[in-house]
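Working notes for the structure below.
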Amino acid sequence: MRSVSIVGAGLTRFSEHWSLSFKELIAEAGVKAIHDSGLARKDIQAVYGGCMASGRFIGQEHIGALIADQLGLNPIPATRLEAACASGGVALRNGYMAVASGMHDIVAVGGIEKMTEVSTEDAGFALGGAGDQETELFMGASFPALYALMARAHMQKFGTTEEQLAAVAVKNHKNAEHNEYAQFRNEITIDQVMNSGYIASPLKLLDCSPISDGAAAVILCAADVAKKMKMADKAVEIIASAQTSDTLALAQRKNLWETASAKIAAEQAYKQAGIKPSDVSFAEVHDCFTIAEIMAIEALGFCKQGEGGKFTEQGNTRIGGKIPVNTSGGLKACGHPVGATGIKQAIEAYWQLNNMAGKRQVKGAEIGLTHNVGGSGATAVIHLYRKM
């Protein structure tokens, strides 16, 4: 297995893009990534694109070919990857494996979703496809409802409070204030979260990530090739890649208060990289709902099982804290165009490790982690990064 590095990154703003099309979002992110890498289009040998539900959102399938077409990369192979909200992370992992194996030297990896072309109800139905249709979606269980069940289980088992959930949202909005690509750049308070109205108790409106449009792209290159082509100055090495699965339906899980897939994937990633959780400088985790971040930091070993709420409330996950989490603003405040999220997380790691994150920069960052989840935890993808 060869060493693989990110050598270029491109991102659109995550927002409600009424004036930009799906194709235009892909083109913006992809062109930015190629330009950032200093490469020419002819240097790219394959494309991997993450996209969850373009057929339901905009009536367009065959996304791999569309990406290659938009970026003028024909006739190279272009492949779409789908793993619900982990589509971007799975695309990154497949691009990583293609380069690490020696199949290709340089590949482009992207993620995209345009979710605002349909009604909120239709968007909710499309997102519901990430769960079990027969036992969850068709029985009326939306994703806020599924994560609300997980939140209730966590609260009953460990005493986690609604105020601790709110602390996640407050922290992530504060981080997003300094992210020009974020959908919501406004600070909020605990009281605002608590008074924002229940979507599925105990989750309120401000406990939930938004419906978003956006695209993200990175260029991956074999580390030895990056050095030969003089691209090593900004190169960020992917030092581990792990993916695991769990049951699609919550009803089949051992319990509802932990995400076993993320825990196992994290253990595998730490072993690959030869590090411990305490060695991680910062993490971008999948906070589709505030309870998801609390469960994530427990699964990743940043705190003990059941102590995620208290750990967050004490300020350990803020910038400057013990382990800064979601410096970009996370899904909650930066936005969550589901296919793009996993790539956006990798871009934040690339920027942090290159000291390019501005006012949200983690001082002395050496190792970054990204945690991308599909559905309620049926897919978990973990990547670890460090500066070359």
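Residue-by-condition table, conditions (1) within 24 Å of residue 346 (Cβ to Cβ); (2) free of Cβ contacts under 8 Å to residues at least 40 places away in the same chain; (3) part of a helix (DSSP H, G or I); (4) touching a Leu at 6+ places or on another chain (Cβ under 9 Å):
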site	(1), (2), (3), (4)
254	no, yes, no, no
264	yes, no, yes, no
275	yes, no, no, yes
278	yes, yes, yes, no
301	yes, yes, no, no
304	no, yes, no, no
311	no, yes, yes, no
316	yes, yes, no, no
322	yes, yes, no, no
Breaking point among (1) assigned by TED's automatic domain parsing to the domain that holds residue 335; (2) touching a helix residue (DSSP H, G or I) at 6+ places or on another chain (Cβ under 8 Å); (3) of a type in the set (Phe, Trp, Tyr), for residue 125: (1)
Here is a check on your reading of the model: is residue 47 over 14 Å from residue 342 (Cα atoms) and either buried (at least 18 other Cβ atoms within 10 Å of the Cβ) or out of contact with any strand residue (DSSP E or B) (no Cβ under 9 Å at 6 or more places or on another chain) (or both)? yes
For helices (runs of 4 or more DSSP H) lying entirely in the stretch 139-214, having 2 or more residues that are outside the structural domain of residue 16 (by TED's automatic domain parsing) and under 21 Å from the mean Cα position of the chain (by Cα) picks out 143-158, 162-176
The correct count of residues that are hydroxyl-bearing (Ser, Thr, Tyr) and touching a Ser or Thr at 6+ places or on another chain (Cβ under 8 Å) in the stretch 216-249 is 2
Any pair with Cβ under 6 angstrom, 6 or more apart, that starts in the stretch 11-39 at a residue that is assigned to a helix (DSSP H, G or I) and ends at one that is surrounded by fewer than 22 Cβ atoms within 10 Å (Cβ to Cβ) and among the aliphatic types (A, V, I, L, M): 22/58
So, in the stretch 237-252, of the ones that are in contact (Cβ under 8 Å) with a residue 12 or more places away in the chain, outside any loop (DSSP other than H, G, I, E, B) and more than 16 Å from residue 93 (Cβ to Cβ), which residue ends up nearest to the chain's Cα centre (by Cα)? 250
Looking at this structure, is residue 329 in the same structural domain as residue 272 (by TED's automatic domain parsing), farther than 23 Å from residue 33 by Cβ and in contact (Cβ under 8 Å) with a residue 24 or more places away in the chain? no
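The values are calculated or read from the model by the stated rules, or taken from the named source; none is laboratory data. Just so we're clear, the structure is a prediction, and the values are computed from it rather than from any experiment. For neighbour counting, all protein chains shown are included, and Cβ atoms are generated from backbone atoms with ideal geometry for every residue, glycine included.
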